[in-house]
1. Among 22-30, 70-78, how do they line up by average Cβ neighbours within 10 Å per residue, starting with the highest?
2. I want the antiparallel fraction of DSSP beta bridges within the chain, as a percent rounded to 5.
3. Express in Å², to the nearest 10, the accessible area of residue 49 obtained by rolling a 1.4 Å probe over the protein heavy atoms while all chains stay in place.
4. Give the carbon-plus-sulfur fraction of the accessible surface of the chain in %, rounded to a whole number; probe 1.4 Å, heavy atoms of protein chains only.
5. For every other residue with a beta carbon closer than 9 angstrom to the beta carbon of residue 100, add +1 if it is Lys or Arg and -1 if Asp or Glu, then tell me the sum.
6. What figure in square angstrom, to the nearest 10, would you give for the accessible area of residue 84 with a 1.4 Å probe?
7. Using only the alpha-carbon atoms, how far is helix 27-40 inclined from the longest principal axis of the chain? Give it as 0 to 90 degrees, nearest 10.
8. Please work out the average accessible area per residue across the chain, using the 1.4 Å probe convention, and give it in Å².
Amino acid sequence: MSFYKYHIFFCLNKREDGEQCCSDFDAESIFNYMKKKIKSLNLNGPNKIRINRAGCFDRCYEGPLMVIYPEGIWYRYSTQDDIDEIISNHLLKGVIVKRLLA
């Protein structure tokens, strides 16, 4: 049994070489938005949801990206509305948001 129902990782890498990276797309503020939203819904903690920072996923050209375990579902997002859709559909209903798959 997993410690968390869902463990979510956000790429927050900042590339030094000037190449595209997830941080170029406001990934940090969207990460903070999702953490705050999950906490406000009381969905964080053991047997619930954990959201973590991650380094480079080595898929910078696709960013910004997040991955949800245990399923290993990769999402590309661009707005807080995308995050709200992932929360309401994937995390609360178990329905993958196909339009955001990466």
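1. Working: 22-30: 17.7, 70-78: 15.3.
Going by the mean number of other Cβ atoms within 10 Å, highest first, we get 22-30, 70-78.
2. On the way: 9 of 16 bridges.
Approximately 55 percent, going by the DSSP bridge assignments.
3. 10
4. Working: 2920 of 5890 Å².
Carbon-and-sulfur percentage of accessible area, whole number: 50.
5. Numbers: positive: 76, 98, 99; negative: 82, 85.
Here the count lands on +1.
6. 40
7. With both axes taken from Cα atoms, the answer is about 10 degrees.
8. Details: 5890 Å² over 102 residues.
For the chain, the solvent-accessible area averages 58 Å² per residue.
The values are calculated or read from the model by the stated rules, or taken from the named source; none is laboratory data. These figures come from a predicted structure and were not determined experimentally. Neighbour counts are summed over all protein chains in view; Cβ atoms, including those assigned to glycine, are modelled from backbone coordinates with ideal geometry. Note: areas computed on protein heavy atoms with side chains; ligands, DNA, RNA excluded. Shrake-Rupley method; radii C 1.70, N 1.55, O 1.52, S 1.80 Å.
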